[in-house]
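Enquirer: This is the structure, below, for whatever I ask next.
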Amino acid sequence: METEDDLCNNNWGSSSSKSREPGSSDGGNQTFTGFTSQQKWEDASILDYEMGVEPSVQVFDEMKASGQANVDFLQGVRAQAWDPRTMLSNLSFMEQKIHQLQDLVHLLVGRGGQLQGRLDELAAQQQQQLITTDLTSIIIQLISTAGSLLPSVKHNMSTAPGPYTGQPGSAVFPYAREANNVASQSQNNNNCGAQEFDLPKPVVVDERESHVVEEHEMKDEDDVEEGENLPPGSYEILQLEKEEILAPHTHFCTICGKGFKRDANLRMHMRGHGDEYKTAAALAKPNKESVPGSEPMLIKRYSCPFLGCKRNKEHKKFQPLKTILCVKNHYKRTHCDKSFTCSRCHTKKFSVIADLKTHEKHCGKNKWLCSCGTTFSRKDKLFGHIALFQGHTPAIPLEEMKPSASTSAQRGSSEGGNNNNQGMVGFNLGSASIANQETAQPGMTDGKISFEEPFSPMNFDTCNFGGFHEFPRLMFDDSESSFQMLIANACGFSPRNVGESVSDTSL
Amino acid sequence: MKKVKQIRVSKPFDLLSEELVFIILDLIPSDLKSFSLTCKWFYQLESKHRRSLKPLRSDYLPRILTRFHNTTDLDLTFCPRVTDYALSVVGCLCGPTLHSLDLSRSASFSAAGLLRLAVKCVNLVEIDLSNATEMRDADAAVVAEARSLERLKLGRCKMLTDMGIGCIAVGCKKLNMVSLKWCVGVGDLGVGLLAVKCKDIRTLDLSYLPITGKCLHDILKLQHLEELFLEGCFGVDDDSLKSLRHDCKSLKKLDASSCQNLTHKGLTSLLSGAACLQRLDLAHCSSVISLDFASSLKKVSALQSIGLDGCSVTPDGLKAICTLCNSLKEVSLSKCVSVTDEGLSSLVMKLKDLRKLDITCCRKLSGVSITQIANSCPLLVSLKMESCSLVSREAFWLIGQKCRLLEELDLTDNEIDDEGLKSISSCLSLSSLKLGICLNITDKGLSYIGMGCSNLRELDLYRSVGITDVGISTIAQGCIHLETINISYCQDITDKSLVSLSKCSLLQTFESRGCPNITSQGLAAIAVRCKRLAKVDLKKCPSINDSGLLALAHFSQNLKQINVSDTAVTEVGLLSLANIGCLQNIAVVISSGLSPSGVAAALLGCGGLRKAKLHASLRSLLPLSLIHHLEARGCAFLWKDNTLQAELDPKYWKQQLEEIVP
């Protein structure tokens, strides 16, 4: 390869030196041999100077054709990973190409001497570019041929097309953005290729695991291709700018400038601008134009413009988005403010209006709640959530706490709209339950004791050594002890004995 | 007490420092150390020293806890009614010193009291809330406030659901012992969360929970799990265990008894990682213990104890078990009616280390098995062979000769005779001997036991009608450590036996149901000298009257349970029982002679009463408000109305029994 390059340079060098030669009187000995050898060519080309241009054009055409063939050839490689016969044909094909190139260079060299008067520097540059392009394509072929030889490589990796095959025949990148894409893609390709060569299996497993871990994150993005496992590089990555994503319209009329959300609507609109837009071809869906015989369309995937996002192509574990709609929803959900609030619970916020509508359908039906305020429609989801997050506890719903009728009226007023402090409600209810119990006591029916002081956690600080007196002694206890006194007097034993005897009696 | 007296005589109080007294007190058995009445100084010392309390009434908690302010363990099982007020007293007076609290027999507290307790007693490590059947998730959420909790018992808290358990799992991270037995509202999710959040769990009781094998995936990931109880978990089946692969090396004990849907497939995956399992209980398993079933035990070759009670066992299965697990020390085969001589012989031949064997009600076994057991298991400590009626009397001769280490022997309903007892009397460490319904034994045989087995603690002579006062007196003379004796339906026994038994001062349980010849005099003798008496059954002793109860009431201050049905007791005797502070259970099914007002007074007097068994006729005679009052105090009533059945001749009674059970 290098030798060939050198050869090429030498040739160019020699030809350029040659072009200067008539001006410079002292011809170097080293170039002298070259000069003499090229003289034959010179003679030959002098003869058909007028025709001399045509063969070169022909060669150019051939090269374009070979570019086409190049793609076919690569597809051949793609189809069958390793076949000695294909390999042989590939090699001979390359040999042929090299010869062609050699001939071309010879031709140019020969012509260079003649045209020096007429062609300026620009023309020489053009030629140089032409040859470099051809050389690169040969190099790529060589690489891909060599790639198919490596046994451990995954099939689709070995068949991954080179960076330049995406634009067959186009030597110069027409647009800066595309160049950018292609460059990053090739970089991506190289990275992954290296990884795969080193440790093909573990890398894949690792990716799977990350899928599992971040499953909850993935769920937000409804149209994510979870099962799709496209190898990096097998698709084209497009990245829209933030403004494009957030723009209300994406299709604009070239004549009046009106914006549309859908291309179909634009096409319908275009009919008003003249009869030429009313033809079947103009109204047809543009995607279906592709000629059936040509090579299959390269799959398109999208990247999020937000740097550091997993959906951004710079991310290590980049996962592309499938459609433009995915891009829009993803960008709004993940990187935009949530401006739509649920009209029922006034808590949940959404950035995509469709999500809000979905939520509003189910809002209020979620009865399983966590202390953090999150509600769940299913109990197992709540427990999964609690298992995952430290410090979150299940919140006991109000109805379950005390089913007493007396407190429910009181509770009803405070119940409205407080979603956040549900965890604390238990304390109030605790006191309510005491009150209930007190009234339910036998011998308490006269209702002398009203349990007014609410039992709240705040009281604990003030509760000192004798603080338990805030629980009034129950009527019942008194009645019991009076009973005891009665019996004690009757039977002649003192109640104090009973009182002092702890489990083991002293004798 | 003796030590205290010696100190008083020499009066070396100046030499005695507090620390020394504390050391002395630490060495005295716990129930003898109430010495506070000696002097004021000792009174003060005791209040500093005592750590554990078991009060009889919750009403006195403020006074008791003020005095014993170092209380760490508080057992409220004698207090059937513990209100929120009482709990707040405990919280305020014990505060951070309290470590353990037992509320398993108490009721009528709510979330408010528990919260007070949880917030005040920050060092609470153990709490027993079993039988709180009214406990709901909100109360459980309050328990979760006790962050340092390590041992938690919630048995029979039927209203609890996954939500409450979830709160506890999140709040009490240090839990290492959890019992959720009979919490029928708790399922996979709650238990699974418990396993996820509380990584220190060592003992987990999930008996009778509606769980499936799903939560076991999480549970068996616990690093320190040692004991797992899955008794009666019908949801644990083969399907839910199919994918279970675990590596729970710490698991020592697994109780999978009564898991009806568990076959050998599920068991194989359940045991797949438990390489260090020592104890396995498979009682009342639905599948036949065959060769296939035994193959599931491959992984647990270190097994030391296996329980197969109530299973249908094949000889092949038994052979395979003893081949796979040849270090077994305890085997329980009670009520395995299909066990044959062949199977058991092959089992005991392999297991030379066998310590405990239970072959209760294995009715097919004959003397061959017993001979084999005696010959191959010299280390046997416990042998239970109730109702092995095919075993000939000669077989027992060998047991005494070969198994000298026996400590527990259950020979109820067997053909053993005096010669057998003579050989057994050479087992010097025998502590429990059951000879119920052994019709062939007489005083002669019993006298061998009395002379040989001086360590005997428990003797059961239920319906062994050959026994008279002579036999009992030899026992009372030789076995002074006797704690439990049952002489029910030994009709020849008179007061003489009771007088001689009064020598056994450690006697706690005395059952003499259906002995027509014992009177209050004999009972008084026992009451005076056996201070620890806790359980007395005098049913159908018609000669017992009030004077016996008066003696009991005066001397037996530790009495907890008494049955005086069908005796000559009147309300006077009953009323005197109110003097006994810790009386809990009382059974007075007497059809006539009791005045309702007397019974009412007696019931009111016994403040700690939990259960009262009365004649049904009293139900209508007692005022309804009184019954409600007692029920609110924690006393449950049982109303009996069985008219006196004619006593049957013991031999005829046994024949009748055998006809019923073929």
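Enquirer: If you take the residues of the stretch B:527-579 that are open to solvent by less than 20 Å² (accessible area, probe 1.4 Å) and under 21 Å from the mean Cα position of the chain (by Cα), which of them is nearest to the other protein chains (Cβ to nearest Cβ)?
Expert: Per the criteria, the residue is B:Leu559.
Enquirer: Restricting to the stretch A:315-331, and then to whatever is open to solvent by 70 Å² or more (accessible area, probe 1.4 Å) and touching a residue at least 40 places away in the same chain (Cβ under 8 Å), can you tell me which residue is nearest to A:Glu236 (Cα to Cα)?
Expert: Top of the filtered list is A:Lys322.
Enquirer: Still on this model: Of all residues being surrounded by fewer than 13 Cβ atoms within 10 Å (Cβ to Cβ) and of a type in the set (S, T, N, Q) in the stretch A:276-314, which is modelled with the lowest pLDDT? Just the residue, please.
Expert: So, considering only residues that are surrounded by fewer than 13 Cβ atoms within 10 Å (Cβ to Cβ) and of a type in the set (S, T, N, Q), the one modelled with the lowest pLDDT is A:Ser290.
Enquirer: Quick one: which residue in B:Lys11, B:Lys33 is over 21 Å from B:Cys92 (Cα atoms), at pLDDT below 85 and facing chain A (nearest Cβ under 9 Å)?
Expert: Criteria check complete, one pass: B:Lys33.
Enquirer: Follow-up question, since we're still on this one. Got at least one residue in the stretch B:587-605 being under 21 Å from B:His629 (Cα atoms), touching a helix residue (DSSP H, G or I) at 6+ places or on another chain (Cβ under 7 Å), outside any loop (DSSP other than H, G, I, E, B) and away from chain A (no Cβ under 14 Å)?
Expert: Yes - at least one qualifying residue is present in the stretch B:587-605.
Enquirer: How many of the residues making up the stretch B:432-447 are crowded, with 21+ Cβ neighbours inside 10 Å and under 15 Å from B:Glu419 (Cβ atoms)?
Expert: So the answer is 6.
Enquirer: For the stretch B:178-212, name all the residues that are open to solvent by 10 Å² or more (accessible area, probe 1.4 Å) and out of contact with any Asp or Glu (no Cβ under 7 Å at 6 or more places or on another chain).
Expert: Scanning the stretch B:178-212 gives B:Trp182, B:Val184, B:Gly185, B:Asp188, B:Lys197, B:Lys199, B:Asp200, B:Asp205, B:Pro210.
Enquirer: Check B:Glu342 against each of (1) open to solvent by less than 20 Å² (accessible area, probe 1.4 Å); (2) touching a Pro at 6+ places or on another chain (Cβ under 6 Å) and name the one condition it does not meet.
Expert: Tallying (1) open to solvent by less than 20 Å² (accessible area, probe 1.4 Å); (2) touching a Pro at 6+ places or on another chain (Cβ under 6 Å), B:Glu342 fails exactly one: (1).
Enquirer: For residues that are open to solvent by 50 Å² or more (accessible area, probe 1.4 Å) and within 17 Å of A:Tyr331 (Cα to Cα), tally how many sit in the stretch A:241-260.
Expert: Looking only at that region, the number is 8.
Enquirer: Only one of B:Ser110, B:Ser106 is out of contact with any Ser or Thr (no Cβ under 6 Å at 6 or more places or on another chain) and either more than 14 Å from chain A (Cβ to nearest Cβ) or on the phi < 0 side of the Ramachandran plot (or both); which?
Expert: From the options B:Ser110, B:Ser106, the qualifying one is B:Ser106.
Enquirer: While we're here: Looking at the structure I just gave you, is B:Lys174 closer than 30 Å to B:His69 by Cα and assigned to a loop (DSSP other than H, G, I, E, B)?
Expert: Answer is yes for this residue.
Enquirer: So, one more: Within the stretch B:17-30, take every residue that is more than 8 Å from chain A (Cβ to nearest Cβ) and under 32 Å from the mean Cα position of the chain (by Cα) and give me the one that is most open to solvent (accessible area, probe 1.4 Å).
Expert: The qualifying residue most open to solvent (accessible area, probe 1.4 Å) is B:Leu27.
Enquirer: Which pairs turn up if I take residues in the stretch A:280-292 that are at negative phi and look for partners that are modelled with pLDDT under 75 and part of a helix (DSSP H, G or I) with beta carbon separation below 9 Å, at least 6 apart in sequence or on another chain?
Expert: A:Ala281/A:Glu289
Enquirer: Going by the structure shown, is B:Leu160 open to solvent by less than 10 Å² (accessible area, probe 1.4 Å), assigned to a loop (DSSP other than H, G, I, E, B) and either facing chain A (nearest Cβ under 9 Å) or in contact with a strand residue (DSSP E or B) (Cβ under 8 Å, 6 or more places away or on another chain) (or both)?
Expert: So B:Leu160 fails the test.
Enquirer: Given the conditions (1) modelled with pLDDT of 85 or more; (2) facing chain A (nearest Cβ under 10 Å), and given that B:Met1 satisfies all but one, which numbered condition is not satisfied?
Expert: Every listed condition holds for B:Met1 apart from (1).
Enquirer: If you take the residues of the stretch A:347-372 that are modelled with pLDDT under 85 and not in a helix (DSSP H, G or I), which of them is farthest from B:Lys214 (Cα to Cα)?
Expert: A:Thr347
Enquirer: Confirm whether B:Leu228 is crowded, with 23+ Cβ neighbours inside 10 Å, assigned to a strand (DSSP E or B) and either of a type in the set (Asp, Glu) or on the phi < 0 side of the Ramachandran plot (or both).
Expert: Yes; evaluated as a whole, the condition is true for this residue.
Enquirer: Report those helices (runs of 4 or more DSSP H) wholly inside the stretch B:281-389 carrying at least 2 residues which are touching a helix residue (DSSP H, G or I) at 6+ places or on another chain (Cβ under 7 Å) and among the polar types (S, T, N, Q).
Expert: B:341-350, B:367-376
Enquirer: Between residues in the stretch A:339-364 that are under 20 Å from A:Cys326 (Cβ atoms) and residues that are open to solvent by 90 Å² or more (accessible area, probe 1.4 Å) and at pLDDT 85 or above, which pairs lie under 6 Å by C-beta distance while being six or more apart or on different chains?
Expert: A:Phe350/A:Lys338; A:Ser351/A:Lys338
Enquirer: For the stretch B:237-269, enumerate the residues that are open to solvent by less than 40 Å² (accessible area, probe 1.4 Å), among the polar types (S, T, N, Q) and within 30 Å of the chain's Cα centre (by Cα).
Expert: B:Ser250, B:Ser257, B:Ser258
Enquirer: Answer yes or no: is there a residue in the stretch B:438-459 that is on the phi > 0 side of the Ramachandran plot, in contact (Cβ under 8 Å) with a residue 60 or more places away in the chain and not basic (Lys, Arg).
Expert: no
Enquirer: Residues in the stretch B:145-152: is at least one assigned to a strand (DSSP E or B), more than 9 Å from chain A (Cβ to nearest Cβ) and either farther than 25 Å from B:Arg610 by Cβ or among the β-branched types (Val, Ile, Thr) (or both)?
Expert: No, because not a single residue in the stretch B:145-152 is assigned to a strand (DSSP E or B), more than 9 Å from chain A (Cβ to nearest Cβ) and either farther than 25 Å from B:Arg610 by Cβ or among the β-branched types (Val, Ile, Thr) (or both).
Enquirer: Can you tell me which of (1) open to solvent by less than 20 Å² (accessible area, probe 1.4 Å); (2) under 18 Å from B:Ser334 (Cβ atoms); (3) of a type in the set (S, T, N, Q) is the one B:Ser389 doesn't meet?
Expert: For B:Ser389, the failing item is (1).
Enquirer: Of all residues in the stretch A:340-369, count the ones that are open to solvent by less than 50 Å² (accessible area, probe 1.4 Å), among the charged types (D, E, K, R) and over 24 Å from the mean Cα position of the chain (by Cα).
Expert: Of the residues in that region, 1 qualify.
Enquirer: Same structure, new question: For the stretch A:380-402, enumerate the residues that are under 20 Å from B:Arg136 (Cα atoms), open to solvent by 40 Å² or more (accessible area, probe 1.4 Å), within 9 Å of another protein chain (Cβ to nearest Cβ) and at pLDDT below 90.
Expert: Answer for the stretch A:380-402, where residues must be under 20 Å from B:Arg136 (Cα atoms), open to solvent by 40 Å² or more (accessible area, probe 1.4 Å), within 9 Å of another protein chain (Cβ to nearest Cβ) and at pLDDT below 90: A:Glu400, A:Lys402.
Enquirer: Follow-up. Going by what's in this entry, would B:Val178 be described as in contact with a His (Cβ under 9 Å, 6 or more places away or on another chain), more than 14 Å from every other protein chain (Cβ to nearest Cβ) and more than 27 Å from B:Cys635 (Cβ to Cβ)?
Expert: For B:Val178, the condition - in contact with a His (Cβ under 9 Å, 6 or more places away or on another chain), more than 14 Å from every other protein chain (Cβ to nearest Cβ) and more than 27 Å from B:Cys635 (Cβ to Cβ) - is not met.
Enquirer: So which residues in the stretch B:83-113 are aliphatic (A, V, I, L, M), closer than 18 Å to B:Arg156 by Cα and open to solvent by less than 10 Å² (accessible area, probe 1.4 Å), if there are any at all?
Expert: B:Leu101, B:Leu103 - these are the residues of the stretch B:83-113 that are aliphatic (A, V, I, L, M), closer than 18 Å to B:Arg156 by Cα and open to solvent by less than 10 Å² (accessible area, probe 1.4 Å).
Enquirer: Going through the stretch B:64-97 one residue at a time, which ones are more than 7 Å from chain A (Cβ to nearest Cβ) and of a type in the set (D, E, K, R)?
Expert: B:Arg67, B:Asp73, B:Asp75, B:Arg81
The values are calculated or read from the model by the stated rules, or taken from the named source; none is laboratory data. Predicted, not measured: the structure shown is a model, and the values here were computed from it. Because the Cβ atoms are built from the backbone with ideal geometry, glycine has one as well, and the counts that use them run over all protein chains shown. The protein model used for the area step is the full one, side chains on, heavy atoms only, and it has no ligands, DNA or RNA in it. Shrake-Rupley method; radii C 1.70, N 1.55, O 1.52, S 1.80 Å.
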